[in-house]
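Peer 1: I'd like to ask some things about the structure below.
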Amino acid sequence: MGWKAAQKLIHHWKILRGDNVMIIRGKDRGETGTIKRVIRSQNRVIVEGKNLVKKHIKQGQGHEGGIFTVEAPLHVSNVQIVDPVTGQPCKVGIRYQEDGTKVRVARGIGASGSIIPRPEILKIRATPRPTIAGPKDTPLELVHEKTYDAKTGKGMPDL
């Protein structure tokens, strides 16, 4: 699409892939959808089935040309997460529960203050973690070996 890189990047993203959001600005204002992709280098998100534009693609080797309808990215400031209780758009805050886990909560005027769950799609890994030790993994007996004693200072290098 030819978007420039964002001038001020968002460092702490509160909107994640798979979140249910409402579009608050633009031609699809008031509609809800699921975030399909997050483009962090441009501060933009692609909402599934929203902000559709016609794209003219020239024919080349291995693909047909023509006019296609594609989803264009929206700036992250033009979408807000939907409150899971009220169904209204809300801001997102961060809180820590009693057990120390960090959760997102709905905040703002008319927000319920309820916990916004993490999307299920983020729990699925594209490549599963290996269950057996590989050639570059450290053996468990070396990992559990105690090499430093804090009381006696044994194992401390001489500086």
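Conditions tested, residue by residue: (1) of a type outside the set (D, E, K, R); (2) within 22 Å of Lys27 (Cβ to Cβ).
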residue: Gln59; (1), (2): yes, no
residue: His63; (1), (2): yes, no
residue: Gly87; (1), (2): yes, yes
residue: Arg95; (1), (2): no, no
residue: Pro117; (1), (2): yes, no
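Peer 1: Which residue is least open to solvent (accessible area, probe 1.4 Å), if the candidates are limited to segment 75-85 and must be in contact with a strand residue (DSSP E or B) (Cβ under 8 Å, 6 or more places away or on another chain) and not in a strand (DSSP E or B)?
Peer 2: If we take residues in segment 75-85 being in contact with a strand residue (DSSP E or B) (Cβ under 8 Å, 6 or more places away or on another chain) and not in a strand (DSSP E or B), then Asp83 is least open to solvent (accessible area, probe 1.4 Å).
Peer 1: Let me ask something else about it. Report, by residue number, each residue of segment 113-159 that is exposed (fewer than 10 other Cβ atoms within 10 Å of the Cβ) and assigned to a helix (DSSP H, G or I).
Peer 2: Glu120, Lys123, Leu140, Glu141, Leu142, Val143
Peer 1: Would you please list the contacts, defined by Cβ atoms under 7 Å and residues six or more apart or on different chains, that run from a residue in segment 45-68 that is free of Cβ contacts under 8 Å to residues at least 24 places away in the same chain to a residue that is among the small types (Gly, Ala, Ser) and open to solvent by less than 90 Å² (accessible area, probe 1.4 Å)?
Peer 2: If the second residue must be among the small types (Gly, Ala, Ser) and open to solvent by less than 90 Å² (accessible area, probe 1.4 Å), the pairs left are Glu48/Gly33; Gly49/Gly33; Val53/Ala72; Ile57/Gly65; Ile57/Gly66; Lys58/Gly65; Gln59/Gly65.
Peer 1: Are any residues in segment 55-74 in contact with a Gly (Cβ under 9 Å, 6 or more places away or on another chain) and within 30 Å of Arg104 (Cα to Cα), and if so, which ones?
Peer 2: Glu71, Leu74
Peer 1: Could you tell me how many of the residues in segment 88-112 are part of a loop (DSSP other than H, G, I, E, B) and loosely packed, with under 12 Cβ neighbours inside 10 Å?
Peer 2: Result for segment 88-112: 7.
Peer 1: Just give me the residues in segment 56-74 being open to solvent by less than 60 Å² (accessible area, probe 1.4 Å) and either within 16 Å of the chain's Cα centre (by Cα) or closer than 18 Å to Arg37 by Cβ (or both), in sequence order.
Peer 2: Listed by number, the residues that qualify are Val70, Glu71, Ala72, Pro73, Leu74.
The values are calculated or read from the model by the stated rules, or taken from the named source; none is laboratory data. Every value quoted in this text rests on a predicted model; they were computed, and no experiment measured them. Positions of Cβ are generated from backbone atoms using ideal geometry, with glycine treated the same way; all protein chains shown enter the neighbour counts. Just the protein is used for accessible areas: all its heavy atoms, side chains included, with ligands, DNA and RNA removed. Shrake-Rupley method; radii C 1.70, N 1.55, O 1.52, S 1.80 Å.
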